[in-house]
Amino acid sequence: GLPIIPLIDFIVPPSSNSEGLYTKKQFSVIEVQDNATADCRLGLIHLGKGGENDLNLAFEYFNRAAKRGHTAAYYNLGLIYLYGWGVNKDLNLSFKCFKFAAEKDDMNAQYSLGLMYSNGKGVDVDLNLALENFKLAADKGHILAKDQLEELYKYHYQKDLTVASTPSATQYNL
């Protein structure tokens with residue numbers, strides 16, 4: 001007969017459950033072995049967001065998922081390199097990871113790139129690129145990007161700007 005495939009538990013984010021709580025879901029080992037999303041979730045668990053904290057293992061899972069093109073894994077690798085969590089701090093690698101994820105439309109990576117450009121962290125200060133990345137993230141609903149966008153306008157472009165809760169690029173009067 002068929003071999004017995006062991007099941008392993010994963011913590012999965014709330015979906016349709018009425019309590020809105022994280023729940024455990026079982027996946028077979030075969031499903032997990034080639035699943036970049038599962039690797040990314042395991043990375044988050046080992047960053048401490050699911051109870052455990054093993055930065056080396058988190059890095060390993062994110063790296064494995066990133067090799068398969070998983071956007072959120074690239075964003076998380078960007079954070080790991082930015083803060084030096086379990087690896088040597090490397091702003092250049094952090095920037096490259098954020099840039100890859102931002103080009104794939106990840107709003108958190110777009111926000112992070114905006115911060116790097118506006119503060120000159122790992123790159124030369126470029127307020128136009130900061131503005132562009134903050135706008136992309138704000139258009140997707142990223143609240144902190146919206147705040148940064150308002151600050152950029154107020155202090156660097158001397159414009160008083162109140163951005164709507166769901167902005168569109170035309171609202172910024174560029």
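The values are calculated or read from the model by the stated rules, or taken from the named source; none is laboratory data. On a predicted model such as this, the values are computed, not experimentally measured, just so you know. Cβ coordinates were reconstructed from backbone atoms using ideal geometry, including for glycine residues, and neighbour counts include every protein chain displayed. Remember, those area values only see protein heavy atoms, side chains included, never the ligands or the DNA or RNA. Shrake-Rupley method; radii C 1.70, N 1.55, O 1.52, S 1.80 Å.
Based on what the data block shows, is Asn108 within 15 Å of Gly43 (Cβ to Cβ) and polar (S, T, N, Q)? Here the answer is yes, as Asn108 does meet what is asked.
Selection within the stretch 47-92: residues that are charged (D, E, K, R) and either within 20 Å of Val123 (Cβ to Cβ) or in contact with a Phe, Trp or Tyr (Cβ under 8 Å, 6 or more places away or on another chain) (or both). The member of this set that is surrounded by the most Cβ atoms within 10 Å (Cβ to Cβ) is Asp90.
Cβ-Cβ below 8 Å, separation at least six or inter-chain, first residue in the stretch 27-56 and at pLDDT 65 or above and assigned to a helix (DSSP H, G or I), second open to solvent by 60 Å² or more (accessible area, probe 1.4 Å) and aromatic (Phe, Trp, Tyr): which pairs? Qualifying pairs under 8 Å: Leu47/Trp85; Leu55/Trp85.
Listed by first and then second residue, the pairs with beta-carbon distance under 8 Å, at least 6 apart or on different chains, first residue in the stretch 132-154 and among the hydroxyl-bearing types (Ser, Thr, Tyr), second in a helix (DSSP H, G or I), are Tyr153/Tyr172. Does Ala72 satisfy being of a type outside the set (S, T, N, Q) and closer than 20 Å to Arg41 by Cβ? So Ala72 fits the description; yes. Among the helices (runs of 4 or more DSSP H) confined to the stretch 66-157, the ones with at least 1 residues that are within 23 Å of Asn35 (Cα to Cα) and not aliphatic (A, V, I, L, M) are located at 71-83, 91-103, 107-119.
Checking each residue in the stretch 98-115 for being buried (at least 24 other Cβ atoms within 10 Å of the Cβ) and either in contact with a Ser or Thr (Cβ under 6 Å, 6 or more places away or on another chain) or aliphatic (A, V, I, L, M) (or both) picks out Phe98, Ala101, Ala102, Ala109, Leu113. A single member of Lys154, Lys135, Lys140, Lys121 is more than 24 Å from Glu60 (Cβ to Cβ) and open to solvent by less than 40 Å² (accessible area, probe 1.4 Å), and it is Lys135.
Among the numbered conditions (1) small (Gly, Ala, Ser); (2) open to solvent by 40 Å² or more (accessible area, probe 1.4 Å); (3) farther than 27 Å from Gly48 by Cβ, the only one that Ala130 does not meet is (2).
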